[in-house]
Amino acid sequence: MTTTRDTMLARIRQNKPEPLPLPDVPTFVNEADDLSDRFEKALAFVGGQLVDLQATPASLVGFLQETFPDAQRIASSVPLPGLDLVPVGPETDKQVLEQIDVAVLRGDFAVAENAAIWVPEASMMHRALPFITQYLVLVVDRDALVPNMHVAYERLDRSRLTYGTFIAGPSKTADIEQSLVIGAHGARSLTVVLPE
């Protein structure tokens, strides 16, 4: 005995349209854009700071020591020779994570239009680390700038993707008395470092 439900589902299957190919979506890339300048302006707009180590005599370790002199606990997915680092992994206890002063993580690429930086899970060490640290430093190669989110999504390797996030600026909210508060729910600052 067939039910009304079975009859209705059979009719839907019979009237299923032929699949159509997805439309080609343009990437809206303006070849005349200066990606570095656009990224720097977008990062400043969202409350981040850009540090170009090619333009300074300091190394990454020297920059961290100078910028965060009181940092006791630093976690890093980037090699930092000479610094005593807090080991962090996927099973690290939340009490250890909330004590991290500075997290230094590698970003795969950065988006010029909005200063968003793609940080895959493999570079995070722990999924909560970029959001629970006091100060976040993201290291991105200078040749890893893409113009916009259309190109950024094309660049993601979805077949190997487990988890990742785009991070744009430090934590912020404007819900409190209609004034912008930086560092309200997460990292107090975001520094993007272009290595030597």
Which residue, Pro170, Pro26, Pro87, has the most motion in a Gaussian network model of the chain that connects Cα atoms within less than 10 Å? Pro26
Determine the distance separating the Cα centre of region 109-159 from the Cα centre of region 169-187; give it in Å without decimals. 21 Å
Among Glu177, Glu18, Glu40, whose mean-square fluctuation peaks in a Gaussian network model of the chain (Cα, cutoff 10 Å)? Glu18
Return the carbon/sulfur percentage of the accessible area of the chain, one whole number, probe 1.4 Å, all protein chains in place. 52 percent
For the Cα atoms of the chain, what angle does the longest principal axis make with the long axis of helix 4-14, in degrees from 0 to 90, nearest 10? 80 degrees
Estimate the FRET efficiency between Ala144 and Asp175 by the formula 1/(1 + (r/R0)^6), using the beta-carbon distance for r and 35 Å for R0, to the nearest 0.05. 0.60
If you place +1 on the Cβ of every Lys and Arg, -1 on the Cβ of every Asp and Glu, and leave all else neutral, what size is the dipole of the chain about its Cα centre, to the nearest 20 Debye? 940 debye
Taking the Cβ of Tyr135 as the center, what net charge do the other residues with Cβ under 15 Å away carry, scoring Lys and Arg +1 and Asp and Glu -1? -1
Largest first, how would Met1, Met125 line up by accessible area (1.4 Å probe)? Met1, Met125
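Does region 74-148 classify as rounded, prolate or oblate by the C-alpha gyration tensor (a ≥ b ≥ c root eigenvalues; a/c under 1.5 gives rounded; else a/b over b/c gives prolate, otherwise oblate)?
prolate
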Label point at Glu196 placed 7 Å out along Cα→Cβ; residues across region 51-70 whose backbone nitrogen lies under 14 Å: 52-64
Counting only protein heavy atoms and leaving out ligands, DNA and RNA, the solvent-accessible surface of Phe39 at a 1.4 Å probe, in Å² to the nearest 10, equals 10 Å²
Under a 10 Å cutoff between Cα atoms, tell me which one of Thr173, Thr27, Thr133 has the largest fluctuation in the Gaussian network model of the chain. Thr173
Before I look further, what does the chain give for accessible area per residue, probe 1.4 Å, in whole square angstrom? 63 Å²
Estimated FRET transfer efficiency when R0 is 25 angstrom, pair Glu91-His185 (beta carbons, to 0.05): 0.55
Multiply the residue gap between Arg13 and Phe45 by 0.36 nm, knock off their C-alpha separation, and tell me the result in nm, one decimal place. 6.4 nm
Round to the nearest 10 and give me the degree value, 0 to 90, for the angle of helix 35-45's Cα axis relative to the longest principal axis of the chain. 80 degrees
Label region 1-127 by shape, choosing from rounded, prolate and oblate, from the square roots a ≥ b ≥ c of the eigenvalues of the Cα gyration tensor; if a/c is under 1.5 it is rounded, and otherwise prolate applies when a/b is larger than b/c, oblate when it is not. oblate
Size of electric dipole in region 14-98: Cβ of Lys, Arg +1 and of Asp, Glu -1, about Cα centre, debye, nearest 20: 220 debye
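The values are calculated or read from the model by the stated rules, or taken from the named source; none is laboratory data. Every value quoted in this text rests on a predicted model; they were computed, and no experiment measured them. Here the Cβ is made from the backbone with ideal geometry for all residues, glycine too, and neighbour counts use every protein chain on show. What goes into the accessible areas is simple: the full protein's heavy atoms, side chains included, and nothing from ligands, DNA or RNA. Shrake-Rupley method; radii C 1.70, N 1.55, O 1.52, S 1.80 Å.
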